[in-house]
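The values are calculated or read from the model by the stated rules, or taken from the named source; none is laboratory data. Model, not experiment: these values are computed from the prediction. Here the Cβ positions follow ideal geometry from the backbone for every residue, glycine too, while neighbour counts run over all protein chains shown. Calculation scope for accessible area: heavy atoms of the full protein, side chains included, ligands and nucleic acids excluded. Shrake-Rupley method; radii C 1.70, N 1.55, O 1.52, S 1.80 Å.
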Amino acid sequence: MIGLKIEDAIKYNENLKKYVYKKGDKLRIDFKNKDALIEYNKTVLKVLFGLNVEFHKNGLIPTPINRYLFIKSAFETLKKLGIEKPVVLEIGTGHSAIISLLIKKLYDAEVYATEVDDEFLEFAKRNAEKNSLDIKIINSKGRVIKGIEELRDKKFDLIISYPPFYSANSVASGRKFGGALAKDVELIGGGKFGEEFSFKIIEEGVDFLNERGVIALMMPKKPEKRRELIIKKMEDVGLKVEVDEIKTGNRLRYIIKGIKSTSP
């Protein structure tokens, strides 16, 4: 299992020591503290993946390992489909751009990424630049795919997103949203179960896929009904669905992949 023990992390990043405490015989970090979460995740990205990443303090802090496992699942499917050197679109790359950075670092892919928040957009661009990774980061101006001029007439082998999945009345709280308050732009989703943004990705994305192309979305365990609705939507637009399950620590995530094919 890929990961970085706290004992090893503090060897690489002494700043982590001030957030470490002992519980029994084991070292622990208070991950409800956003500064601690940022320092640990920066260390994981540097040590395991050779990436130098900065995080915006007003944004959600993504977990690098489950993003890596998400990407790995998607690219295993591309490999089975015989797709090499894929053209990839990430929808909603966020301030860290971790998914796009990992894809460009680990795979031979042409990568496009969208973001709507101006501050996050600049952070994402700086993260790509400081790692010398050629990622085309685009201001979506509130659009999903259609109507984004830079993506007009483009076709992709993989459209990937960890989409927002919050209902309209979601309110940020330190415990619920990755150790700190989140921006309103991150707390979208729509629908009873937060499924509507994912529906838009599927509905628009299918027209931007190459044959054998894949739409890959990551979802939390609950509610199960949201996953069921997303799977049904993929099937309704003619995609063949595969579902993978990944676990990091106590977190269970589901990777829902819709494959475009002309085969019956």
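Some notes on this structure:
- Residue check, Leu48 farther than 19 Å from Glu129 by Cβ and out of contact with any strand residue (DSSP E or B) (no Cβ under 9 Å at 6 or more places or on another chain): yes
- Scanning the stretch 106-138 for residues that are of a type in the set (Lys, Arg) and over 23 Å from Lys72 (Cβ atoms) yields Lys125, Arg126, Lys130.
- Being more than 26 Å from Arg143 (Cβ to Cβ), at pLDDT 95 or above and more than 19 Å from the chain's Cα centre (by Cα) holds for only one residue in Lys233, Lys260, Lys240, Lys225, and it is Lys240.
- For beta carbons closer than 8 Å, sequence separation of 6+ or different chains, a first residue in the stretch 205-228 that is of a type in the set (Phe, Trp, Tyr) and a second that is open to solvent by 30 Å² or more (accessible area, probe 1.4 Å) and at pLDDT 95 or above, the qualifying pairs are Phe208/Lys154; Phe208/Lys155.
- Between Ile159, Ile98, Ile135, Ile145, the distinction of being open to solvent by 10 Å² or more (accessible area, probe 1.4 Å) and β-branched (Val, Ile, Thr) belongs to Ile135 only.
- Residue list for the stretch 55-64, restricted to those being hydrophobic (A, V, I, L, M, F, W, C) and either within 16 Å of Ser161 (Cβ to Cβ) or open to solvent by 20 Å² or more (accessible area, probe 1.4 Å) (or both): Leu60
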